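The structure appears right after this line, and notes come after that.
The values are calculated or read from the model by the stated rules, or taken from the named source; none is laboratory data. Bear in mind the structure is a predicted one, so any value in this text is a computation, not a measurement. Every residue, glycine as well, gets a Cβ built from its backbone with ideal geometry; the counts of neighbours run over all protein chains shown. Heavy atoms of the whole protein, side chains included, go into the accessibility calculation; ligands, DNA and RNA do not. Shrake-Rupley method; radii C 1.70, N 1.55, O 1.52, S 1.80 Å.
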Amino acid sequence: MGRTLFGTDGVRGRANAAPMTAEMALKLGAAAGRYFRRDGASGHRVVIGKDTRLSGYMFENALTAGLTSTGMNVLLLGPVPTPAVGYLTSSMRADLGIMISASHNPAHDNGIKFFGPDGFKLSDEAEEEIEALVASGVEPAAAENIGRAKRIDDGRFRYVERAKASFPVGASLSGLKVVVDCANGAAYKTAPEVLWELGAEVVPLGVSPNGYNINENCGSTAPQAAAEAVVAHGADVGICLDGDADRVMIIDENGKIADGDQVMALLAARWGDLGILKGGALVATVMSNLGLERFLEGRGLRLERTGVGDRYVVERMRAGGFNLGGEQSGHIVMTDYATTGDGLLAGIQFLAAMVGTGRKASELARSFEPVPQLLKNVRYEAGADPLGAASVKARLEAAEAELAGQGRLLIRKSGTEPLIRVMAECEDEALLERVVDSIVAEVEAAGAPAA
């Protein structure tokens with residue numbers, strides 16, 4: 001059947017418009033409940049977390065109705081980071097975990113992502129089966145078997161303890177001033193609490209959610225305010241999370257921003273030196289900078305690349321037995337500590353490196369010099385197939401030849417809209433721009449509507 005409802009990270013869209021309607025959330029809840037319900041067993045359990053979007057209330061209630069209608073008992077966590085849902089699904093022996101969030105998107109969007117009983121995101125195959133159940137409909141449970149729902153007050157505190165446990169035993173953040181930008185999102189209480197309890201002097205930003213201001217000029221997608229705060233407060237480092245706290249950007253004491261590639265480079269090198277980097281490799285996506293790959297090769301380590309999406313990174317990590325991976329966008333996955341990207345835990349590991357080495361953030365946040373990278377999006381007419389055009393194929397072949405030995409080229413379709421993403425890397429910036437622009441022109445011509 002294939003997946004049309006699920007994207008690369010659950011179901012996502014504008015709230016109160018298809019597919020993100022209360023009706024669809026009800027159907028998804030019933031379908032997921034039926035998929036995970038073990039016939040003949042009792043005590044089925046689901047945990048649901050959310051970020052701070054106003055629409056989260058609506059989807060929380062709709063999902064709860066769908067799940068309880070199939071006999072699932074629902075435990076409502078309230079606002080917690082996405083990785084907390086992954087952790088608590090496994091810790092609380094739940095059959096299913098659900099996070100209501102559109103991550104780094106604006107407040108008018110929302111999404112629903114599912115976690116299996118092991119705390120990891122669902123496979124493509126599981127999502128396809130849930131989609132099929134949404135399409136076919138689900139028979140509700142008998143009246144006497146309807147599930148219950150209740151709020152869990154200590155879910156956030158359980159995650160706080162889990163996060164603190166990832167910091168070296170006996171070490172402290174005492175003497176460090178840390179700016180933490182919580183994006184007015186799911187970690188607005190959790191992140192400042194964890195850092196303060198570990199001993200840091202905390203300067204919190206983005207901790208006043210009102211249902212509409214999540215990710216608004218703050219957080220990992222807009223780190224300028226945090227960078228200014230680091231300099232203004234004379235802080236040692238800044239940690240910028242996104243709306244559901246599964247991404248991070250690091251800011252050094254001078255206000256310079258380090259992306260996920262730089263954070264992964266530091267952790268891979270450090271873990272390699274400590275002998276705890278499993279498989280001698282870091283798993284990252286095709287979007288990670290060529291400079292990262294060269295840096296790792298220089299240290300005798302490998303970069304394993306996957307498709308875009310942290311779930312594909314995790315799948316490769318699990319299949320290969322690796323314990324460190326992530327994305328340039330700031331998803332950092334450390335399977336020794338978490339089942340999905342965790343911005344706060346990645347920030348804690350960066351702080352652990354500062355404490356362990358005695359070095360400043362600026363010395364640790366620039367492990368390699370990035371190769372110049374250029375990304376352009378090309379919109380095409382719905383139904384067209386520009387990548388199948390002979391002229392585009394010829395241009396791509398020529399571009400590969402031009403970049404041979406100097407850089408790399410990546411062309412991919414968006415999974416959610418009619419866009420072709422054209423990305424290239426090359427030391428020669430003039431060549432880089434010329435190659436990308438030439439491909440964009442051919443794609444535009446091939447994908448334009450007929451005259």
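General remarks:
- Subset of the range 142-165 (residues that are assigned to a loop (DSSP other than H, G, I, E, B) and closer than 19 Å to Gly49 by Cβ): Gly147, Arg148, Ile152, Asp153, Asp154
- Any hit, the range 208-220, residues being closer than 25 Å to Ala353 by Cα and open to solvent by 20 Å² or more (accessible area, probe 1.4 Å): no
- Filtered residue count, the range 82-114, keeping only those that are among the hydrophobic types (A, V, I, L, M, F, W, C), in contact with a helix residue (DSSP H, G or I) (Cβ under 7 Å, 6 or more places away or on another chain) and either surrounded by fewer than 24 Cβ atoms within 10 Å (Cβ to Cβ) or on the phi > 0 side of the Ramachandran plot (or both): 1
Results for (1) within 16 Å of Asn289 (Cβ to Cβ); (2) surrounded by 16 or more Cβ atoms within 10 Å (Cβ to Cβ); (3) not hydrophobic (A, V, I, L, M, F, W, C), shown as yes or no for each residue.
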{"residue": "Asp385", "(1), (2), (3)": "no, no, yes"}
{"residue": "Ser391", "(1), (2), (3)": "no, no, yes"}
{"residue": "Leu396", "(1), (2), (3)": "no, yes, no"}
{"residue": "Ala399", "(1), (2), (3)": "no, yes, no"}
{"residue": "Glu402", "(1), (2), (3)": "no, yes, yes"}
{"residue": "Pro418", "(1), (2), (3)": "no, no, yes"}
{"residue": "Met423", "(1), (2), (3)": "yes, yes, no"}
{"residue": "Glu429", "(1), (2), (3)": "yes, no, yes"}
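- Among the residues examined, Ala65 does not qualify as more than 29 Å from Gly330 (Cα to Cα) and either open to solvent by 60 Å² or more (accessible area, probe 1.4 Å) or aromatic (Phe, Trp, Tyr) (or both).
- Of all residues in the range 73-101, those satisfying the criterion of being part of a loop (DSSP other than H, G, I, E, B) and out of contact with any Ser or Thr (no Cβ under 9 Å at 6 or more places or on another chain) are Met92, Arg93, Ala94.
- Strands (runs of 3 or more DSSP E) completely within the range 266-378 that count 1 or more residues being of a type in the set (A, V, I, L, M, F, W, C) and open to solvent by 10 Å² or more (accessible area, probe 1.4 Å): 302-306
- The numbered conditions (1) farther than 29 Å from Thr221 by Cβ; (2) under 22 Å from the mean Cα position of the chain (by Cα); (3) buried (at least 24 other Cβ atoms within 10 Å of the Cβ) are all true for Pro117 except (3).
- Listed by first and then second residue, the pairs linking a residue in the range 163-175 that is among the charged types (D, E, K, R) to a residue that is modelled with pLDDT of 95 or more and loosely packed, with under 10 Cβ neighbours inside 10 Å, with Cβ atoms under 9 Å apart and 6 or more places separating them unless they lie on different chains, form an empty list.
- Positions within the range 224-251 being open to solvent by 10 Å² or more (accessible area, probe 1.4 Å), part of a loop (DSSP other than H, G, I, E, B) and closer than 12 Å to Val180 by Cα, in sequence order: Asp236
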